[in-house]
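What follows is calculated from the coordinates using simple rules that are stated; it is not laboratory data. Just so it is clear, the model here is predicted, and its values are computed rather than measured.
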Amino acid sequence: MNNVFKPIKYLSIIMLVVIISAVITYIVNPNFSDTLNSVSSNISKSVSQKSGLNLVVAYIFNNGFKVPMGMLFFSIIPIRFLYWIQPLFTAILPGILFGDSI
């Protein structure tokens with residue numbers, strides 16, 4: 001009997017996330033065209049305005065500090081919660097699309 005209720009439990013949690021993200025998107029009502037334009041030309045100002053030795057320093061700072069901090073953050077999260085990241089982000093996108101179309 002547990003084989004039936006466990007998937008239903010996960011499905012209900014994901015559907016709840018879709019509904020909550022749709023309601024939040026409906027309330028906030030973001031401007032998606034400006035957001036898509038800013039994401040499509042997403043070159044960091046710290047990298048695009050530098051050249052030579054400053055570009056090397058920015059590269060070292062990114063790969064020597066930012067990336068290890070992200071790895072440390074994800075290593076602190078227990079594995080069972082890491083498995084929820086992808087389904088939650090997958091469920092948030094339809095909620096945003098449904099909330100924008102209402």
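Structure above, values below:
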{"read-out": "Residue-span extension gain [ASN62 to PHE98] - 0.36 nm each, minus C-alpha spacing", "value": "9.4 nm"}
{"read-out": "Karplus (6.51, -1.76, 1.60) ³J(HN,Hα), θ = phi - 60°, over segment 74-85, in Hz, Gly and Pro reported as x", "value": "6, 6, 6, 5, x, 4, 5, 7, 5, 5, 7, 4"}
